[in-house]
Amino acid sequence: MDDQAFTLTPGRAWLAMFGAAIVAIGGASIAFTRQVWDEFIWQYFWGPVYADAHNAGCAIKDGGQTLLGGSGFAENCGIAMEQGHIVAEPGYTLVSEAGYMVIGLFFLIGVYLLLKNLDVSFGREYFYALFPFMLFGGALRVVEDATDAAVEAGVEPVASYPLNTLFISPIIYFTVFGIAIGALVGSLRLADRGIVSSAERALGIIGSVAFGVTFGYLVVLGVTVEHVDFLPHVLLIIVGGATAMAYGVYALTERFAPYINSGTGYVGLIVLWAHAIDGVANVLITDWADTLALPVSYYPKHPANEIIMNVTEAVLPAGIFEAIGSAWPFLLVKLGVALGIVWLFDEAFIEENPRYSYVLLVGVVAVGLGPGSRDMLRAAFGI
């Protein structure tokens, strides 16, 4: 037999680990259903998605049944907790965010190995080409928000359960990931056959078209149906504010500490902008919704954001808190963390392994621009 057939390559090792994890989780969920499935996987990972997909305030495990609670922090959700039922609410917890961080890193390694296997010189050009897919992900998430608004208005939604789970965080990250990988492989094949001159350009065009079509659909909804608004001033304020802040930080860094930007260049500016979008959108829709004339109210779904707001409210005098709100430190934290990440990607780090560096940077931008663009567009369309 061919000894080479038994060679354990990094790619095969990744697939083996993926398969082993699926088998282990599946087996443990069957053998220890209450402890593994109900109290861990369902409560922290699937339950929140299930509740969100049904536009419910919570999902409740009652024996072998799954019940839905009312909107917001409804009374029946609290009663279920007091009675000892397993309750899952839409959004994230520290447990789920830690889990998604590990899963995300694992899949980024898988992407790196795939690119290495395809012999793709993944650099700045591919980073820029994938940027529209991140905007597309945020817009696609808002399409699902629009279906929730349709249900509330008594209109038949475009996508209902279980299809709409593909467009709910965090599953939507895998949905967009699959579309982007398919577009990447397709662009490479088109370039190999001489149909397109540049795989990077073809990839960027596909992502731009996907975002354009999705955003255009939302605009059509905003001007044709009653349950979706269109507030372009919200887009202008958030994009303008985030751009000014990101460029301001970048320019100051170039002036006083250029070594921070030396490795990434304008890629670092995009990293800052992506997280500034998330920060500015959170500040405006949390503390300035009335000023922006938003038709709905919002609350933070990420524990880090909620913790920062709670600390700010506890520390600031009541008069200052009432005047400027409590979400603004989140923006400062986002910009500070983003700048720190840019600093880590210095010239030596990127030159040593450019493919892995830019794969990681794509992930860094995605975790900022994904939720940030969703919050921005959701506010802009009043849903």
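Of the residues that sit in region 161-181 and are within 24 Å of Pro295 (Cα to Cα) and not in a helix (DSSP H, G or I), which one is most open to solvent (accessible area, probe 1.4 Å)? For region 161-181, the residue satisfying everything is Ser169. Screening Ile308, Ile285 for residues that are of a type in the set (Val, Ile, Thr) and under 18 Å from the mean Cα position of the chain (by Cα) leaves exactly one candidate, Ile285.
Of all residues in region 120-157, which are free of Cβ contacts under 8 Å to residues at least 40 places away in the same chain and open to solvent by 40 Å² or more (accessible area, probe 1.4 Å)? Those that are free of Cβ contacts under 8 Å to residues at least 40 places away in the same chain and open to solvent by 40 Å² or more (accessible area, probe 1.4 Å): Gly154, Glu156. Of the residues making up region 206-221, those that are open to solvent by less than 70 Å² (accessible area, probe 1.4 Å) and closer than 15 Å to Arg141 by Cα number 9. Could you say whether any residue in region 209-219 is out of contact with any Leu (no Cβ under 6 Å at 6 or more places or on another chain), among the aliphatic types (A, V, I, L, M) and not in a helix (DSSP H, G or I)? No, region 209-219 has no match at all.
Meeting the requirement of 2 or more residues that are crowded, with 16+ Cβ neighbours inside 10 Å and of a type in the set (Lys, Arg), the helices (runs of 4 or more DSSP H) wholly within region 326-383 are 354-380. Of the residues making up region 316-338, not a single one is within 15 Å of Gly265 (Cβ to Cβ), touching a residue at least 24 places away in the same chain (Cβ under 8 Å) and of a type in the set (D, E, K, R).
Of Gly104, Gly91, Gly19, Gly27, all but one fail to be within 30 Å of Ala183 (Cβ to Cβ), modelled with pLDDT of 95 or more and not aromatic (Phe, Trp, Tyr); the exception is Gly19. Do you know which residues across region 182-199 are touching a residue at least 40 places away in the same chain (Cβ under 8 Å) and open to solvent by 40 Å² or more (accessible area, probe 1.4 Å)? The one that is touching a residue at least 40 places away in the same chain (Cβ under 8 Å) and open to solvent by 40 Å² or more (accessible area, probe 1.4 Å): Val185. Just so you know, in region 234-262 the residues that are in a loop (DSSP other than H, G, I, E, B) and not hydroxyl-bearing (Ser, Thr, Tyr) include one that is nearest to Ala274 (Cα to Cα), and it is Asn261. Suppose the filter is at pLDDT 95 or above and open to solvent by 40 Å² or more (accessible area, probe 1.4 Å); does Ser262 pass it? When the stated conditions are applied, Ser262 does not pass them. Within region 246-269, being within 21 Å of the chain's Cα centre (by Cα) and touching a residue at least 40 places away in the same chain (Cβ under 8 Å) holds for Ala246, Val267, Gly268. Residue selection: Ile320 fails the criterion of being assigned to a helix (DSSP H, G or I), open to solvent by 70 Å² or more (accessible area, probe 1.4 Å) and closer than 21 Å to Ala276 by Cα. Which residues, taken from region 286-308, are under 14 Å from Trp328 (Cα atoms), in a helix (DSSP H, G or I) and open to solvent by 10 Å² or more (accessible area, probe 1.4 Å)? Correct list: Thr286, Asp287, Ala304, Glu306, Ile307, Ile308. Could you please let me know if Trp288 is touching a residue at least 24 places away in the same chain (Cβ under 8 Å), touching a helix residue (DSSP H, G or I) at 6+ places or on another chain (Cβ under 7 Å), among the aromatic types (Phe, Trp, Tyr) and more than 23 Å from Thr147 (Cα to Cα)? Against the criterion (touching a residue at least 24 places away in the same chain (Cβ under 8 Å), touching a helix residue (DSSP H, G or I) at 6+ places or on another chain (Cβ under 7 Å), among the aromatic types (Phe, Trp, Tyr) and more than 23 Å from Thr147 (Cα to Cα)), Trp288 does not qualify. The conditions of being over 20 Å from Lys301 (Cβ atoms), modelled with pLDDT of 90 or more and not small (Gly, Ala, Ser) are met by Ile179.
The values are calculated or read from the model by the stated rules, or taken from the named source; none is laboratory data. In this text, all values refer to a predicted model and were calculated from it rather than measured experimentally. Glycine also receives a Cβ, built like all others from the backbone with ideal geometry; neighbour counts cover every protein chain displayed. Accessible surface areas use protein heavy atoms only, side chains included; no ligands, DNA or RNA. Shrake-Rupley method; radii C 1.70, N 1.55, O 1.52, S 1.80 Å.
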